[in-house]
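Asks: Here you go, one structure.
The values are calculated or read from the model by the stated rules, or taken from the named source; none is laboratory data. Please read these numbers as outputs of a predicted model, since none were measured by experiment. Every residue, glycine among them, receives a Cβ derived from its backbone with ideal geometry; neighbour counts consider all protein chains shown. Keep in mind that these areas ignore ligands, DNA and RNA; they rest on the heavy atoms of the full protein, side chains included. Shrake-Rupley method; radii C 1.70, N 1.55, O 1.52, S 1.80 Å.
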Amino acid sequence: MAANSFMVPLGTPAPAFDLTAIDGGNVSLEDLKGSPATLVIFLSNHCPYVRHIEDGIGALAADYGARLSIVAISSNDSVNYPDDDPTHLAEQAERAGFTFPYLLDETQEVAKAYRAACTPDFFLYDAQMQLAYRGEFDGSRPGNAEQVTGASLRAAIDAVLAGDPVAEEQRPSLGCGIKWKPGNAPA
């Protein structure tokens, strides 16, 4: 079932995390500090909304990766959704050209802390790790005729990197609801 972003208030500080990457090792929010911008993306492998734009996410990372920190987090229950297990996430990263760390939120506590609702769900932070953008990648969706460009997120990144405010009117991301483990869904 499709779900929209919760649209967390702008200016919200980035919640801390320390998660295992799909290729081993750990990545924490502290590791990302010092960048002029940080993009945290909640993703999955099985979701058609993610699949629709995953090449565009890879292209965005290629275009901006040297100028900001990017990390993806999978919070889905991989027991009940095995396409979101580490092996399949690694295949996705290879397929889509992801050059950023892809992390596993096994407890789903990080998704709760960020108030992530769907995959994909994008959270862009400024140099002070304050939320500057949360919303859609662009207007393209599976089944509509709009081209995947990443225009909405790219405009926000450009503004943050230029030190300019991001437009406050932001459209929520739309995607598959996070697949919560039994008893883990936020209240």
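Asks: I'd like to know how segment 87-145 sits against the 2.2 N^0.38 Å rule of thumb: what's its Cα Rg over that expected value?
Replies: Taking N as the residue count of segment 87-145, the ratio is 1.34.
Asks: Could I have the simple spin-label model distance between E91 and R171, label points 7 Å from Cα toward Cβ, reported in nm to one decimal?
Replies: Going by the 7 Å Cα→Cβ label model, 3.2 nm.
Asks: Taking a Cβ-Cβ separation under 4.7 Å as the criterion for a possible partner, which cysteines of the chain have none?
Replies: C118
Asks: Now for a separate question. Treating the beta-carbon of each Lys and Arg as +1 and of each Asp and Glu as -1, no other charges, what is the dipole magnitude of the chain about its Cα centre, to the nearest 20 debye?
Replies: 340 debye
Asks: Which of P172, V110, L19 sits farthest toward the positive end of the charge dipole of segment 2-177, with +1 on the Cβ of Lys and Arg and -1 on the Cβ of Asp and Glu?
Replies: P172
Asks: Sorted by average packing, counted as other Cβ atoms within 10 angstrom per residue and highest first, what order do 126-136, 110-120, 27-37, 54-64 take?
Replies: Result, highest mean first: 110-120, 126-136, 54-64, 27-37.
Asks: Starting from the Cα of T149, step 7 Å along the direction of its Cβ; do the same at F6; then give the gap between the two resulting points in nm.
Replies: Rounded to a tenth, the inter-label distance reads 3.1 nm.
Asks: Now, a different point. How many percent of DSSP beta bridges within the chain run antiparallel, rounded to 5?
Replies: Among the beta bridges of the chain, antiparallel pairing accounts for roughly 70 percent.
Asks: Any idea how far the Cα center of segment 26-75 sits from the one of segment 86-105, in Å?
Replies: Their Cα centres are 10 Å away from one another.
Asks: Then there's this: Over the Cα atoms of segment 51-100, compute the convex hull volume and normalise it per residue, giving Å³.
Replies: Given the Cα convex hull of segment 51-100, per-residue volume reads 70 Å³.
Asks: What do the square roots of 5 times the Cα gyration tensor eigenvalues come to for segment 2-177, in whole Å, largest first, as semi-axes of the equivalent ellipsoid?
Replies: The three semi-axes for segment 2-177 are 22, 19, 15 Å.
Asks: Given a cut-off of under 8 Å on Cα pairs at least six residues apart, what relative contact order in percent is computed for the chain?
Replies: It comes to 33 percent, rounded to a whole number.
Asks: I'd like the carbon and sulfur percentage of the solvent accessible area for the chain, probe radius 1.4 Å, heavy atoms only, ligands and nucleic acids excluded.
Replies: Whole-percent figure for carbon plus sulfur exposure: 51.
Asks: If you don't mind, there's one more thing I want to ask. Beyond 23 Å, what share of the Cα-Cα pairs of segment 103-187 remains, rounded to the nearest whole percent?
Replies: The proportion of pairs with Cα distances above 23 Å equals 32 percent.
Asks: I've got another one for you. Which whole-number value in Å² is the accessible area per residue of segment 1-148, probe 1.4 Å?
Replies: On a per-residue basis, segment 1-148 sits at 42 Å².
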